[in-house]
Structures are given as structure tokens and as C-alpha cells.
Amino acid sequence: MTINYRIRNIVIAAVLAATAGLLTVIYITSSKSDAKASKESVRVYVPSKDFGIGTAGSKVTDAMTTEVVTRDQLVSDAVTSPAQIKGLYLVQPVVKGEQLTLKRFAQAKEQGVRAQLVGKQRGVQVSGDTNQVLAGTLTPGDRVDVVANIKNPQNNTDIRAVVVLRDLRVLQTEGGDAGASIQQPDANGQHAVLLAMSDEQAARMMYAMKNGDWSLQLRPVKKPADSSRSTATFGSVVAGEGK
């Protein structure tokens, strides 16, 4: 009985030693393999200039260069092919020379109002009372004009009312759906609306807001048309009804 017990212990010890040796060999082999893999060369893409939020991936690909880095220098979700970002848009800015990553891009629908602005267009949020911004009436996609009553800074008696901007697109309202909703009104009872306009139109809108009374007016959906440009003054108002 004693001899069999000792033989069993010897066999178990031998098996454990062999297993430990095998695991050590596997570990060393794996470590060498991982070390070798970490030094493998990988081609990545970097921008040759800075790009801001909203830039199309196709535009970024036109200004990309390649760099070769080791795998251990590869950042997570690195762009390894121009095809990966075509059809996408930047949702975070990128800096010249940094590795491009997929997490900086998204589909157009994921950008919200940013996807609706191109070129010279800007998104301008304006606030006013219920009547000024047509609160409760406007919905995203509506078109509006801006009419303003402005005083001549060099002549306080020279006051004119005129349509200063036409056919502006409504991007967001307080009652819009998810992605097109503004968290308003504020504590003062002001309401807000986000409008799309050119950078030059934004300057005129700012002037009207800071130097006179203004209001939005809703344009028709069916066959919208504009009257010839005119300015309302005391004389023109009392002279008769406009058409």
C-alpha cells in the first residue's frame, strides 16, 4: 500500500512538472509572438491640415497622407482605408498630423442640424417673445421672413419698417422632435428658434435685433411669392393700403 501511494505521488508530481514546463514554453512563445506583432508595421492615414466639425469625409480624404507606425503605436479605431470615411462627416475637429480615427466621424443624420448647413450657411438662434418668434406656430422646416422697424441713428424722426431678410429656413423650435428641439422658454418668458441663414444675413439679423423692433413672419408653403421691395414710413402708411 505504501509503495503504491509513493508511486502515485511521484506520477502526480511528474505530471505537474511537465504541465508547468509546457505552460512556461507556451508563455514564452506567446510573449515573443506578441512582442514581434507589436513591432509589425501598419499604414495609417493622417490629415495634411486641420479640419473642423461638419467637414465631409470625402474632403478629408483629399488632404490625407500616409504614415507607417508599429502596431503598438496604432491608436484605437484608426482609419486604415479612405473608403472607411467616405459618406461620413466629422463630429470632432482633427489636427494636422494626428492619426485619423473612426470615432471622429459619423453619418450625416447623426449630426442633427449640422448636416443641414453647407457653405456660407450658418445656424443662428434668436430669442424673443411669443409674437416675435411665432412660438407655438413654427415647426422645423418652415420658412420665414424677418420684418424690422428701425430708427435712423442720425435722425430720430426717421423711422422705417422693412422686410430685412426673406425665406429663412427654420432648423429648430421649442416643440420640435428629438434633435430639432430647443430647451426654452427661459425664466424671462423668452422663446427661441434656430434659423439657417448666410453669414451676411446673420450680420443683418444682428443689426435688426440690436437696433430696432423685429418679428418673424411665416411664409406660405404653396407657391410663395414676394412683393416688390418697399419701405414703410409714416407717409406711406397714412397714404393708403398696400397690396
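The values are calculated or read from the model by the stated rules, or taken from the named source; none is laboratory data. Because the structure is a prediction, the values reported are computed rather than measured. A quick note on method: Cβ atoms are made from the backbone with ideal geometry, for glycine too, and the neighbour counts reach across all protein chains shown.
Among residues of the stretch 79-95 that are of a type in the set (Lys, Arg), those with a beta-carbon under 9 Å from a residue that is surrounded by fewer than 20 Cβ atoms within 10 Å (Cβ to Cβ) and not in a helix (DSSP H, G or I) at least six positions away or on a different chain give the pairs Lys86/Ala56. Here the stretch 123-150 is the region considered, the condition is being of a type in the set (Asp, Glu) and closer than 14 Å to Ala196 by Cβ, and the residue that is surrounded by the fewest Cβ atoms within 10 Å (Cβ to Cβ) is Asp145.
Scanning the stretch 60-93 for residues that are among the β-branched types (Val, Ile, Thr), loosely packed, with under 13 Cβ neighbours inside 10 Å and closer than 13 Å to Val42 by Cα yields a total of 3. Only residues that are modelled with pLDDT of 85 or more and of a type in the set (Lys, Arg) were counted across the stretch 105-132, and they come to 2.
Residues in the stretch 199-215 that are assigned to a strand (DSSP E or B) and at pLDDT 90 or above: 3 in all. Residue pairs whose Cβ atoms lie under 8 Å apart, sitting 6 or more positions apart in sequence or on different chains, and linking a residue in the stretch 153-178 that is loosely packed, with under 15 Cβ neighbours inside 10 Å to a partner that is among the basic types (Lys, Arg) and at pLDDT 90 or above, are Asp167/Arg143; Asp167/Arg219.
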